[in-house]
Amino acid sequence: MTGIPSLALPNRITAPDLGRVASLPVPMGLPPLRDLGAADGPRLSIALMEGGGRLQDRGAVAALGWSAGDRLLTTLVRTSVVIRRRPDGVFVMPRKPYVTLPAPVRRSCGALADSRLLLVADPLHDVLIVHPEAAMQAMLRQC
């Protein structure tokens, strides 16, 4: 004997114990999707990003009610950008309200100059989500 315990492998696979399976918790369902046509529903748009990172879609900003002087917190989530209006935000909305992605954020999420980005403006949560082309392609590949 080598001192290494042997593995005990089952001879056959048995059916699951229905009493045990019935007592397992049932996962919660997904929350319902909000109606895109609702007045306060998310607004989707495609924006062209200029070389300096400015998004050429002021409609999303208007839908959110953001205005000059609002402070914005920009967070990178994988390859998408989440922008929220918050008092501790680092960026300030300029006099002409539009959103600009800072250079480090553009590099990290793969947003290139003159590329198109999907904008999701959600007034109910006061958030703008920016999906660059690479993120959209990755989402579509998962479908």
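Bear in mind these aren't lab numbers, they're just calculated from the coordinates by the rules spelled out. A quick note: this is a predicted structure, and the numbers were derived from the prediction, not measured. Note that each Cβ is placed from the backbone with ideal geometry, even for glycine, and that neighbours are counted across all protein chains shown.
For segment 81-117, backbone nitrogen atoms closer than 15 Å to the point 7 Å from A68 Cα along Cα-to-C-beta are found at 92-99. Between F91 and L72, T74, the built amide H atoms are under 5 Å apart, and every one of these is 5 or more places off in sequence or on another chain. Along segment 116-127 the Karplus relation, 6.51 cos²θ - 1.76 cosθ + 1.60 evaluated at θ = phi - 60°, assigns HN-Hα couplings of 9, 10, 8, 10, 10, 9, 10, x, 4, 9, 6, 9 Hz to successive residues, with x for each Gly and Pro.
This ranking places T75, T100 by how few other beta-carbon atoms lie within 10 Å of each, fewest first, which gives T75, T100.
Restriction of the trypsin sites (Lys or Arg not before Pro) in segment 72-132 to DSSP coil positions whose beta-carbon has at most 16 other beta-carbons within 10 angstrom yields R78, R95. Near R116, once Lys and Arg are set to +1 and Asp and Glu to -1 for all other residues with Cβ below 15 Å from its Cβ, the sum equals -2.
Here the label points at L76 and Q56, each 7 Å from Cα along the C-beta direction, are separated by 2.5 nm in the simple model.
Shown in residue order for segment 104-114 are the 3J(HN,Hα) couplings computed by the Karplus curve 6.51 cos²θ - 1.76 cosθ + 1.60 at θ = phi - 60°: x, 5, 4, 5, 5, 8, x, 7, 9, 4, 6 Hz (x for Gly and Pro).
Ranked for footprinting exposure by Cβ neighbours inside 10 Å, fewest first, M136, M93, M49 give M136, M93, M49.
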